[in-house]
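Data first, discussion second: the structure below is written as structure tokens.
The values are calculated or read from the model by the stated rules, or taken from the named source; none is laboratory data. This is a predicted model, so every value here is computed, not measured. Heads up, the Cβs are rebuilt from the backbone with ideal geometry, glycines too, and the neighbour counts pull from every protein chain shown. With ligands, DNA and RNA removed, areas are computed over all heavy atoms of the protein, side chains included. Shrake-Rupley method; radii C 1.70, N 1.55, O 1.52, S 1.80 Å.
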Amino acid sequence: MEFILKKNTPTQKFHKHWQFCVGSGHAGMAMRTDYCRQLKRVHEELGIQRVRFHGIFCDDMHTWDTMDVLADTSASPVPIPYHENSFRLAGLVYDNILECGMKPFVELSFMPKALAKTDKRGGFFYKPNIAMPRDDAQWQGYIRKFIRFLLDRYGKEEVETWYFEVWNEPDLPLAFFYGTQQDYFHLYEITVRAIKEVDDKLMVGGPATSNSKWVEAFVAFCEEKGVPADFITTHQYAGDPISGASDQSGLETEADLVQLEEDDRKKYAPQGDISQLFQGLPTEDALLPVFRRILQDNTETDDLNRDILPQNAAVVREQAKGRPVFYTEWNTCATFTAPGNDTRKVAAYDVRTILAAEAVLEGSSIWCFSDIFEELHPFQEEFHGGFGIQTQHGIPKPVYHALKMLADAGDERYVLPGALDGEVSFAAFQKGGDIQLLLTRQNLKHFANADTEPAVVTLRVELEKAPQVVQLQRIDEDHCNPLQVWEEMGAPIDITPSQKQVIIEESALATEMLPVNYENGILTIEAALGINDVYFFTIHTA
């Protein structure tokens with residue numbers, strides 16, 4: 001296999017859309033010092049500018065507290081007609097984000113219990129209330145007070161640079177939103193009108209759906225009703241159910257919602273002896289093996305479309321009718337605890353997808369920046385298949401190093417039609433007087449196939465004269481593989497500071513010096529890539 005970079009190859013601006021934002025867990029985590037330390041690192045080393053998280057209105061943020069009392073010893077608790085409304089903890093969260101040098105991408109979620117139409121909890125560890133508001137006027141008053149709090153605390157000039165996104169994945173009715181599509185559109189309308197009433201320059205958008213859905217219907221609703229939508233957001237994972245961005249399906253009635261709940265209960269009701277899930281597993285410390293037995297890696301499917309994000313994003317861009325499009329969650333795998341999340345297959349997928357989606361996104365947000373994360377369960381293992389680009393102790397995973405390569409890439413990208421089409425992809429950048437070459441061999445399904453032969457690649461670069469230095473940074477089985485170091489260490493559950501340092505040092509992104517093979521105006525570089533390897537060459541010409 002051969003790639004050639006000619007001297008007259010044109011360049012175009014390299015738009016690093018992934019630096020726009022990064023995802024994280026829920027708001028309460030942002031009050032932890034380790035969270036802030038890792039967040040500051042991704043800003044300073046990777047150039048990421050914003051962070052998005054769930055649950056700024058969850059009950060653990062104490063934005064609306066009430067007191068329940070017993071009418072008598074046999075009665076259920078009833079609320080007294082008083083409450084305390086304060087956004088002081090939300091302020092601490094945003095203070096921390098700004099202190100890290102970043103800005104918040106504000107996801108307005110979820111519903112405080114006291115404001116909710118019903119006590120309906122999403123199926124997550126931190127138990128968000130995913131119901132609609134009980135009273136529209138009360139909800140709007142709450143939103144207006146929240147916005148005034150932000151403006152008073154941070155000033156109009158600052159807050160008007162933030163983005164406000166209404167809810168998260170309302171198309172997933174039992175996980176994130178207990179309502180129909182029209183319920184969400186109504187919630188969006190009353191929320192955005194409340195925000196704009198306080199400051200009409202604040203940027204508000206949605207629908208924040210999974211799998212690139214609802215955009216066409218959402219835009220049509222907003223235009224028909226005269227509802228502001230300053231930008232469009234949606235999500236996409238390679239392992240999501242495979243469908244096109246034109247899929248606008250949504251529950252239509254409350255009866256549909258009730259039926260879905262009943263179907264869900266039947267689907268997940270224990271069949272036979274539930275103890276079968278635990279057969280062959282240790283009697284203690286067995287939660288991770290149980291989760292992995294239940295949840296299969298949803299990227300390793302026969303019909304996986306690795307271009308699902310750039311293809312759907314192109315459709316969404318048309319549906320948005322000129323509005324900016326932000327993919328506020330995306331990554332390789334939507335399965336928490338999938339072993340591959342800790343490996344270089346995420347690095348290879350993310351690199352290629354970033355390059356392939358370059359022309360169709362204004363900004364995007366990889367999910368997520370750290371395994372400091374509580375959604376299904378806060379696992380104790382350092383490497384447990386979390387979504388983070390860093391472990392919970394801040395050890396960079398292979399994808400972190402891949403993003404560092406892209407962060408270090410020049411701002412001019414060579415135009416190379418078709419160079420991303422094969423299993424081995426090629427990209428090239430110009431940075432000052434240097435030329436940078438990026439190779440990936442991306443294949444999610446065959447990652448575990450140890451018998452796969454290396455792909456031998458020859459790079460030929462036309463140059464006026466011999467370069468001074470050729471350098472290589474690489475991610476493969478023996479480079480930037482912290483999981484391997486941890487396993488060789490005995491997979492310690494509670495790693496010590498010294499063990500952490502060893503893992504970081506032994507899996508760090510290293511720079512190697514290569515021999516200069518220059519003849520007749522052409523520099524030749526040879527490489528042999530395994531599945532999901534990433535190679536980054538820098539040619540110093542001056």
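Remarks
- Among F536, N443, A428 - extreme Cα towards positive end, dipole of the stretch 428-538, charges at beta-carbon: A428
- Straight Cα distances below 22 angstrom link K397 to the lysines K16, K40, K345, K445, K500, with same-chain residues fewer than 8 positions distant left out.
- Extended-chain gain in nm, criterion 0.36 nm per residue less alpha-carbon gap, E160 and Q138: 5.5 nm
- Prolate is the label for the stretch 139-202, because the ratio a/c of its alpha-carbon gyration tensor axes (a ≥ b ≥ c) is 1.5 or higher and a/b is greater than b/c.
- Ordered from longest to shortest, the equivalent ellipsoid semi-axes for the stretch 83-213 are 24, 16, 16 Å, each the square root of 5 times a Cα gyration tensor eigenvalue.
- Extending 7 Å from Cα along the Cβ direction at K431 and again at R121 yields two label points whose distance is 4.8 nm.
- Between the residues I525, Q138, N8, the greatest Cα displacement towards the positive end of the dipole of the chain, with unit charges on the Cβ of Lys, Arg, Asp and Glu, is found for N8.
- For the stretch 302-323 and the stretch 470-532, distance of Cα centres in Å: 33
- On the beta carbon distance between L463 and R148, with R0 = 60 Å, the FRET formula returns roughly 0.50.
- Candidate cross-link partners of K113 among the lysines, defined by an alpha-carbon separation under 20 Å and a same-chain spacing of 8 or more, comprise K127, K145.
- The fraction of Cα-Cα pairs per 20 angstrom bin, counted from 0 for the chain, comes to 20, 52, 24, 3, 0 percent, rounded to whole percents.
- The peptide list 54-60, 328-334, put in order of mean Cβ contacts within 10 Å with the highest first, becomes 328-334, 54-60.
- Global geometry of the stretch 396-530, whether rounded, prolate or oblate, following the gyration tensor of its Cα atoms and the 1.5 cut on a/c: prolate
- Check: the chain dipole with +1 on Lys, Arg Cβ and -1 on Asp, Glu Cβ, in debye: 1220
- Entry comment: accessible area of the chain is 42 Å² per residue, from protein heavy atoms only and a probe of 1.4 Å.
- Accessible area per residue (1.4 Å probe, heavy atoms of protein chains only) ranks Y327, Y163 as Y163, Y327, with the largest value leading.
- Between the alpha-carbon centres of the stretch 417-447 and the stretch 31-47 there is a gap of 28 Å.
- Once the Cα atoms are used to define both axes, helix 33-46 deviates from the longest principal axis of the chain by about 40 degrees.
- Cα-based helix-to-principal-axis angle, 398-408 vs the chain, degrees rounded to 10: 70
- Helix-only mean residue ellipticity at 222 nm for the chain, each DSSP H run of n ≥ 4 adding -39500 (n - 2.57), per residue, nearest 500: -9000 deg cm²/dmol
- Annotation: peptides 404-413, 460-469, ranked by per-residue average of other Cβ atoms within 10 Å with the highest first, follow the order 404-413, 460-469.
- Global geometry of the stretch 427-505, whether rounded, prolate or oblate, following the gyration tensor of its Cα atoms and the 1.5 cut on a/c: oblate
- Virtual paramagnetic centre 7 Å along Cα→Cβ of E224, amide N under 15 Å, in the stretch 164-182: 181-182
- Those lysines that a straight Cα-Cα span of less than 17 Å connects to K321, excepting residues fewer than 8 apart in one chain: K213, K225
- Between 0 and 90°, nearest 10: helix 308-319 axis offset from the chain longest Cα axis: 60
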